[in-house]
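One structure is given below, encoded as structure tokens.
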Amino acid sequence: MNSNDKKIPRRLPPARSARMVEAIFGCKWSLTVYQLLKNGTNRPGEMVRSVDGLTTKVLNDCLRRNLEFGIIERKAFNEVPPRVEYAVTPMGEKFIRVLDELESLQDEIELGSDARTG
């Protein structure tokens with residue numbers, strides 16, 4: 001190698017986004033929450049009532065995790081009774097598109113595997 005040649009630095013995996021993907025896929029309810037938000041269901045009580053098997057505690061854990069990553073945002077209204085709504089952030093929309101692409105890739109992998117075994 002010539003001393004004038006530039007070396008390419010070792011590429012490291014994206015630590016924060018990799019943790020996000022792992023945490024979100026580790027929470028079996030996150031993708032369901034994104035679907036609810038996309039369909040206009042943005043209040044926690046509505047979410048729990050809309051999905052069989054989803055409990056308030058599990059939903060709160062899921063929402064908290066998504067808030068920490070900046071995927072969703074929480075808006076509290078100064079009303080009686082109190083009202084809270086959630087929405088996907090612009091960064092969250094980008095992240096969800098990445099998840100959608102991963103799902104498409106998985107579908108392609110499964111179709112390829114079916115073609116080889118079929």
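Only the coordinates and a few stated rules stand behind these numbers; no lab work does. Keep in mind that this is a model prediction, so the values were computed, not measured. Virtual Cβ from ideal backbone geometry, glycine too; neighbours counted across all protein chains shown.
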Between beta-carbons, use under 15 Å as the cut-off and find the net charge around Asp52, counting Lys and Arg +1, Asp and Glu -1.
-> +1
Grab the Cα-Cα distance for Asp114 and Glu68, subtract it from 0.36 nm times how many residues apart they are, and report the gain in nm with one decimal.
-> 12.7 nm
For the chain, the Cα convex hull volume per residue in Å³ comes to 176 Å³
Here the relative contact order (percent) of the range 16-113, from C-alpha pairs under 8 Å and at least 6 apart, is 23 percent
Arrange the following residues from fewest to most other Cβ atoms within 10 Å of their Cβ: Phe77, Phe69.
-> Phe77, Phe69
What is the sum of charges around Glu103, taking Lys and Arg as +1, Asp and Glu as -1, for the other residues whose C-beta is under 12 Å from the C-beta of Glu103?
-> -4
Packing-based exposure ordering (other Cβ within 10 Å, fewest first) of Val48, Val33 = Val48, Val33
Note down the net charge around Leu31, summing +1 for each Lys or Arg and -1 for each Asp or Glu among other residues with Cβ under 11 Å from its Cβ.
-> 0
Sorting Ile8, Ile24 on the 10 Å Cβ count, fewest up front, what's the list?
-> Ile8, Ile24
Partner lysines whose C-alpha sits under 26 Å from that of Lys28, ignoring same-chain residues fewer than 8 away, are Lys38, Lys57, Lys75, Lys94
In deg cm²/dmol, rounded to 500, what helix-only [θ] at 222 nm does the chain give when every DSSP H run of at least 4 residues adds -39500 (n - 2.57) and the total is split over its residues?
-> -19000 deg cm²/dmol
